[in-house]
Amino acid sequence: MPAYNAEKTLERTLADIPKGSADEIILVDDASKDHTAALAQKLGLKVFVHPKNLGYGGNQKTCYTNALADGADIVVMLHPDYQYDPRVVPYLSGLIKDDICDIVLATRIRTRVEALKGGMPAYKYFFNRLLTLVENLFLGLNLSEYHTGYRAFSRKALEAIPWQENSNDFVFDQEILIQASYFGLRIGEIPVPAKYFDEASSINFSRSLKYGLETLWAVLKYIAAVLKIYKSPIFRNINR
């Protein structure tokens, strides 16, 4: 759980995770201004606290580093802000456990009506569709969306991808999927209801615009690597 100011929603999120679907729950607090870390410790989670805010990507790096160090075979990232339905956790991990996928995404875009009814701002829906179209075109995939923050990884995937080289900002989510495509990993997806409300984390328009441009830049780096024009460090083979 990459957490930032999630004190109001953490307990609800945990309560809806199906019993027995996780051996351990790790929460990384990215220098929250509320009592997220204290509450997580009270609830029995394994907690790591950043002394200063590193950003969403930096938070994930700490999450995956510690999950792998603890011997995890499957890692599910679930935001503690209760935006995504925690009941989907065993379905995400199940596709990896059965060796069907290396990475599984929980997609919010089953239908346009459902996504907008759940509260997704219209501009976010538009840019989601546009960026997803571009990424599918150049990566050779056919995903319904790349921009969900609810996803599961096999240990194999996390050990094959040089995600430590990625941005500490929100574009980390795109870089790791673009890397997965580059390294030939199997990516699947299942639908998940998502809701937008005051306590649910969401970036504003200007941050969304920056994220979109950085996503396009990551796609260009992918194209350059495939064409052997230039290989960015995010595509280096860490097994050699």
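Screening the range 129-154 for residues that are under 12 Å from Val219 (Cα atoms) and polar (S, T, N, Q) and picking the one that is farthest from the chain's Cα centre (by Cα) gives Asn136. Checked across the range 110-122, the condition of being surrounded by 14 or more Cβ atoms within 10 Å (Cβ to Cβ), β-branched (Val, Ile, Thr) and more than 26 Å from His35 (Cβ to Cβ) holds for no residue. Looking at this structure, is Gly44 modelled with pLDDT of 95 or more, touching a helix residue (DSSP H, G or I) at 6+ places or on another chain (Cβ under 6 Å), more than 19 Å from Gly188 (Cβ to Cβ) and outside any strand (DSSP E or B)? The answer is no for Gly44. Considering only the range 153-180, state which residues are out of contact with any Phe, Trp or Tyr (no Cβ under 6 Å at 6 or more places or on another chain), under 20 Å from Asp99 (Cα atoms) and surrounded by 21 or more Cβ atoms within 10 Å (Cβ to Cβ). Residues satisfying the conditions are Phe153, Ser154, Ala157, Ile161, Gln179, Ala180.
Taken together, the residues in the range 23-47 that are surrounded by fewer than 17 Cβ atoms within 10 Å (Cβ to Cβ) and on the phi < 0 side of the Ramachandran plot amount to 10.
Please count how many residues of the range 59-86 are over 12 Å from the mean Cα position of the chain (by Cα), assigned to a helix (DSSP H, G or I) and crowded, with 18+ Cβ neighbours inside 10 Å.
Of the residues in that region, 3 qualify.
Taking each residue of the range 160-173 that is within 20 Å of Asn237 (Cβ to Cβ) and modelled with pLDDT of 95 or more and looking for partners that are of a type in the set (S, T, N, Q) and assigned to a loop (DSSP other than H, G, I, E, B) with beta-carbon atoms closer than 9 Å, six or more apart or interchain, yields Ala160/Asn237; Ala160/Asn239; Pro162/Asn237; Glu165/Ser232; Phe172/Asn166. When we screen Asp102, Asp98, Asp85 for residues that are of a type outside the set (S, T, N, Q) and free of Cβ contacts under 8 Å to residues at least 40 places away in the same chain, the only hit is Asp98.
Out of everything in the range 225-240 that is hydrophobic (A, V, I, L, M, F, W, C) and surrounded by 14 or more Cβ atoms within 10 Å (Cβ to Cβ), what residue ends up being nearest to Asn168 (Cα to Cα)?
The initial filter retains those residues of the range 225-240 that are hydrophobic (A, V, I, L, M, F, W, C), namely 225-227, 229, 234-235, 238.
Among the residues that remain, those that are also surrounded by 14 or more Cβ atoms within 10 Å (Cβ to Cβ) are: 225-226, 234-235.
On the way: Ala225: 21, Val226: 24, Ile234: 13, Phe235: 16 Å.
The selected residue is Ile234.
Going by the conditions given, is Leu92 outside any helix (DSSP H, G or I) and crowded, with 18+ Cβ neighbours inside 10 Å? Write out each step before concluding.
Details: outside any helix (DSSP H, G or I): no; crowded, with 18+ Cβ neighbours inside 10 Å: yes.
When the stated conditions are applied, Leu92 does not pass them.
The values are calculated or read from the model by the stated rules, or taken from the named source; none is laboratory data. Bear in mind that the values here come from a model prediction, so they are computed numbers and not experimental data. For neighbour counting, all protein chains shown are included, and Cβ atoms are generated from backbone atoms with ideal geometry for every residue, glycine included.
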